Every structure is written in structure tokens, then in C-alpha cells.
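Asker: Let me begin by handing over the structure; questions about it come next.
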Amino acid sequence: QVQLVESGGGLVQAGGSLRLSCAASGRTLSNFAMGWFRQAPGKEREFVAAITRTGGSTLYADSVKGRFTISRDNAKNTVYLQMNSLKPEDTAVYYCATSRTVLPVREFDFGSWGRGTQVTVSS
């Protein structure tokens, strides 16, 4: 089983940037497509971005397209989420997860999940 640990969250002003990292142990991440989700207070968890096993293809939610970039470094067993032009509505706990689907989107496509990292964007 793969263990995932997210990091890089924090408090940032609107318009600022953060880079989240998702480090894996226990299994090689190159065996999995990866995704990022987020959950804001009082809301359901929602899809943010996904990337294929090799990093050749990516997919984004419309709400983050053009502002967020998902990437991976399989040699470091780590996946990243670069978040630019942050908005207060991006405030949420961000989770990374593994999937055996080629380019997953639905929550049930994902297997192992991290515990999340808090991102707070002030206006």
C-alpha cells in the first residue's frame, strides 16, 4: 500500500502562489495516475487536477484551469500542484490520491489518499 503525505499549504493573500507537494512511500508512484482534490468547509470534496503515470497528459477542473499546474517527478516519488493567482474561493484542504485509471476524474477512481494540507487564501 502506498502512503501519501501532502505539504506546502499555508496562508496566502489573494493573487499569491503556493506549491503543494505529495510525497509517496511504500510503492512507486510511477505505477499510478495521480490526482488532487480539495474540500472547502461545508462542501463536498471536489476534483482539482489529474496527471497520467508518465506525466504526458493532465486534466483540470474548469475553476482552476489556467491558474493551477499539476506535475510529477517519478524519480522523487512526488507529485506537485503549482497554484497561481489564488482566490479566496480556493481556500480548502487539498488532498492527493492515487489511481489505476489512465486519467481519473471521479473520486471513486482513486484508491489511496493523503491526509491533506490546508490552503487559506485571504482577500
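Asker: Stretched out fully, how many nm does the piece from residue 14 to residue 57 gain, at 0.36 nm a residue minus the Cα gap?
Answerer: 12.6 nm
Asker: Oh, and also: Lys and Arg at +1, Asp and Glu at -1: add these up for the other residues within a Cβ distance under 13 Å of residue 118 and post the number.
Answerer: 0
Asker: Relative contact order of segment 1-61, please, whole-number percent, based on alpha carbon pairs below 8 angstrom and at least 6 residues apart.
Answerer: Result for segment 1-61 is 24 percent.
Asker: Relative contact order (percent) for segment 67-121, with alpha-carbon contacts under 8 angstrom and 6 or more residues of separation?
Answerer: That works out to 33 percent.
Asker: I'd like to check one number: the per residue accessible area of the chain, probe 1.4 Å, reported in Å² as a whole number.
Answerer: Counting only protein heavy atoms, the per-residue value for the chain is 51 Å².
Asker: Using amide H atoms built 1.01 Å from N in the peptide plane, name the residues 5+ places from residue 116, or on other chains, whose amide H lies under 5 Å from its own.
Answerer: Sorted by chain and number, the residues that satisfy this are 6, 96.
Asker: Leaving ligands, DNA and RNA out of it, report the carbon-plus-sulfur percent of the accessible area of segment 44-107 at a 1.4 Å probe.
Answerer: Details: 1480 of 3170 Å².
Here it works out to 47 percent.
Asker: Among 14, 79, 48, flag the residue with its Cα farthest along the positive direction of the charge dipole of the chain, charges on Cβ as +1 for Lys/Arg and -1 for Asp/Glu.
Answerer: Positive-most Cα among the choices belongs to 79.
Asker: Please state the charge dipole magnitude for the chain, taken about the Cα centre, from unit charges on C-beta atoms (+1 on K and R, -1 on D and E), reported in debye and rounded to the nearest 20.
Answerer: Details: 14 positive and 9 negative charges, 49 e Å.
The calculated dipole for the chain is roughly 240 debye.
Asker: How would you order 12-19, 45-52, 92-99 from highest to lowest mean count of nearby Cβ atoms within 10 Å? It would help to have the intermediate numbers written out before the result.
Answerer: Values: 12-19: 13.9, 45-52: 21.0, 92-99: 23.4.
Highest to lowest by the protection proxy: 92-99, 45-52, 12-19.
Asker: For residue 43, list the lysines whose Cα falls under 28 Å from its own Cα; do not include residues on the same chain fewer than 8 positions away.
Answerer: Result set, ordered by chain and number: 65, 87.
The values are calculated or read from the model by the stated rules, or taken from the named source; none is laboratory data. In this text, all values refer to a predicted model and were calculated from it rather than measured experimentally. Here Cβ is always computed from backbone atoms with ideal geometry, including for glycine, and neighbour counts include all displayed protein chains. Calculation scope for accessible area: heavy atoms of the full protein, side chains included, ligands and nucleic acids excluded. Shrake-Rupley method; radii C 1.70, N 1.55, O 1.52, S 1.80 Å.
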